[in-house]
Amino acid sequence: MSDLHSIKSLFSIKDENIKITEIREAVYKNRKVTLAESTLTRVFRRCPCCKATADQLVKNGKKVSMILLNRSGNKRAYLRLKKQRYHCRACGKYFTARTAMVNPSCFISKQVHYQILEELSERQAMTTIAKHCDVSSTTIQRTLRALSAAARPRLDHLPTCLLFDEFRSLSTWHGSFSFSCMDGETGRLFDILPSRKKQDLVAYFMRFDLKARQKVRFIVTDMNAPYFSLVKECFPNAEVIVDRFHIVQHVNKFFDAVRKRVHEALRSKRSN
Ligand SMILES: [Zn+2]
């Protein structure tokens with residue numbers, strides 16, 4: 001593996017159309033940085049605008065972008081990318097080669113965004129993350145907003161059959177139990193909420209469209225009384241089914257209580 005190719009792996013640059021030509025130290029925005037000089041060219045079979053064949057495309061200069069990479073040692077690292085521009089003689093349009101390592105019109109590489117996400121999973125201030133990743137706090141907020149948009153559930157759909165349960169989790173201000181909700185037909189987890197309190201669950205489910213809530217036909221749950229009134233409020237067409245596991249669990253619990261009572265009664269009779 002050549003040195004320049006190893007540098008590509010070091011910076012996690014996977015795009016085969018990018019070629020590193022030189023690594024050097026430079027001053028950028030009044031800082032000493034590591035600069036990876038590189039080129040991006042692509043072979044087009046057709047014009048992306050009018051679909052004319054490749055013989056209509058001619059190279060037309062280069063456009064330079066400075067893309068922020070993850071740190072190298074104790075210095076900021078940038079990819080100085082010379083992107084090939086093309087001109088289509090058939091439709092007269094101009095376009096530039098693109099790479100998947102950075103979003104269009106963004107100068108922060110995706111690997112930096114991944115690092116931001118990793119840092120966001122730790123409990124620390126946004127300004128600290130911004131400092132670690134060499135970006136502004138606004139970039140951190142934008143990355144977080146993009147992530148929460150991707151993680152946001154669709155509010156126009158709910159499974160026909162929902163399974164409710166709770167489990168002991170970390171103690172937070174919500175309490176020490178969390179709530180889990182599964183799709184009864186596919187057996188897939190639908191969501192996990194930090195609280196099992198009725199008002200929190202009502203607030204969560206009422207965010208879904210009425211049409212989606214009306215489509216829920218069955219709620220399978222344990223004998224937790226607040227769930228019964230929750231179902232009435234949120235799912236007008238749903239029936240509550242207490243699952244067999246919880247019924248058997250309750251029966252066992254009461255049998256056990258009776259067994260202990262009888263045992264105690266017999267023991268005290270014998271000692272008398
Ligand atoms: Zn064209």
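Read-outs: derived from the displayed coordinates by stated rules, not from any lab. Keep in mind it's a predicted model, so treat the numbers as computed, not measured. Positions of Cβ are generated from backbone atoms using ideal geometry, with glycine treated the same way; all protein chains shown enter the neighbour counts.
Normalising the average separation of contacting C-alpha pairs (under 8 angstrom, six or more residues apart) by the number of residues puts the relative contact order of the stretch 1-73 at 21 percent.
In this structure the amide hydrogen of I108, modeled in the peptide plane, comes within under 5 Å of the amide hydrogens of L68, none closer than 5 places in sequence on its chain. If the chain linking F177 and Q214 were pulled fully straight, counting 0.36 nm for each residue of separation and taking away their Cα-Cα distance, it would gain 10.6 nm. Over the chain, DSSP H runs of length four or greater, each weighted -39,500 (n - 2.57), average out per residue to a 222 nm ellipticity of -10500 deg cm²/dmol. For the pair R71 and F167 in one chain, pulling the backbone fully straight at 0.36 nm per residue adds 30.4 nm over the alpha carbon distance.
Students often get this wrong, so check it: of K51/K82; K110/K131; K197/K253; K29/K75, which have C-alpha atoms separated by over 21 Å? Mind showing how you got there, number by number?
Working: K51/K82 25 Å; K110/K131 17 Å; K197/K253 24 Å; K29/K75 13 Å.
Where the Cα-Cα span goes over 21 Å, the pairs concerned are K51/K82; K197/K253.
Would you mind ranking S2, S195 by Cβ crowding within 10 Å, fewest neighbours first?
Details: S2 8, S195 18.
The most exposed by this proxy come first: S2, S195.
Calculate, for K59 and L4, the FRET efficiency according to 1/(1 + (r/R0)^6) with r their C-beta to C-beta distance and R0 22 Å; round to the nearest 0.05. Write out the running numbers ahead of the final one.
On the way: r = 23 Å, r/R0 = 1.03.
E(calc), rounded to 0.05, equals 0.45.
Please give the FRET efficiency for V240 paired with E16, using the beta carbon to beta carbon distance and R0 = 41 Å, rounded to the nearest 0.05. So, using R0 = 41 Å, E works out to roughly 0.10.
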